[in-house]
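Heads up, the thing below is written out as structure tokens.
The values are calculated or read from the model by the stated rules, or taken from the named source; none is laboratory data. What you see is a predicted model; the values in this text were computed from it and never measured. FYI the Cβ positions are ideal-geometry reconstructions off the backbone, even for glycines, and counts take in every protein chain you see. These area figures cover heavy atoms from the full protein model, side chains too; ligands, DNA and RNA do not enter into them. Shrake-Rupley method; radii C 1.70, N 1.55, O 1.52, S 1.80 Å.
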Amino acid sequence: MAMLEILEFPDPRLRIVAQPVTRFDAALAQLVRDMFETMYAAPGIGLAATQVNVHQRLLVADVSEAHDQPLVLVNPRILAQHGAQTYQEGCLSVPGIFADVDRALAISVEAEDITGKTFMLDASDLLAVCIQHEMDHLQGKLFVDYLSPLKREMVRRKLDKRHRQAATA
């Protein structure tokens, strides 16, 4: 397995809209393994392929404390959503930044597994937030897009400053 580089805001590659996965092969299975390794090491609870500069409709998630409930969604589509919740979100592509985001409380998703088999999933609470967050990445959207332009600019400046400090350290 290999650790993948996670793109960070404001990298323009995070804005690329992902294309559907059409090949369910060993390369896809390896990418999924690498994405899980990268996500767990970060540490995070979700990772979209876009975040590792692979522009395919693929995400991995595991909201369990023990990291023992891995979930792979290939070509996911939200079929229904219910209720509303506000959750303080963070993102591996926007490290150290957290903000309240309004999302659906529960969702029904149709997706494919790594073999191409279609399945349905009902998710609520944190898992619903995670899936919606990662699906935004597949559309080239980040959680900071839900913030006001002023707050988004403050986040960009904070990350720029952190990168400059890391480069001189």
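See the values below:
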quantity	calculated
Any hit, region 105-125, residues being within 20 Å of residue 152 (Cβ to Cβ) and β-branched (Val, Ile, Thr)	no
Pairs with Cβ under 6 Å, 6+ apart, first in region 92-104 and basic (Lys, Arg), second not in a strand (DSSP E or B)	103/129; 103/132
Scope region 144-158; condition assigned to a loop (DSSP other than H, G, I, E, B) and touching a residue at least 60 places away in the same chain (Cβ under 8 Å); matching residues	none
Residues that are over 14 Å from residue 19 (Cβ atoms), at pLDDT 95 or above and not in a strand (DSSP E or B), drawn from region 53-65	62, 63, 64
Selection status of residue 93, surrounded by fewer than 19 Cβ atoms within 10 Å (Cβ to Cβ) and closer than 30 Å to residue 22 by Cβ	no
Qualifying residue in region 112-134 (condition: closer than 23 Å to residue 80 by Cβ, open to solvent by 20 Å² or more (accessible area, probe 1.4 Å), touching a Pro at 6+ places or on another chain (Cβ under 7 Å) and not in a loop (DSSP other than H, G, I, E, B))	no
Residue 102 vs. criteria open to solvent by 50 Å² or more (accessible area, probe 1.4 Å) and either out of contact with any His (no Cβ under 8 Å at 6 or more places or on another chain) or not in a helix (DSSP H, G or I) (or both)	yes
Region 1-22 - residue that is within 23 Å of residue 114 (Cα to Cα) and not aliphatic (A, V, I, L, M) and, of those, farthest from the chain's Cα centre (by Cα)	22
Whichever residue in region 138-154 is more than 13 Å from residue 101 (Cβ to Cβ) and open to solvent by less than 90 Å² (accessible area, probe 1.4 Å) and, among such residues, is modelled with the lowest pLDDT	153
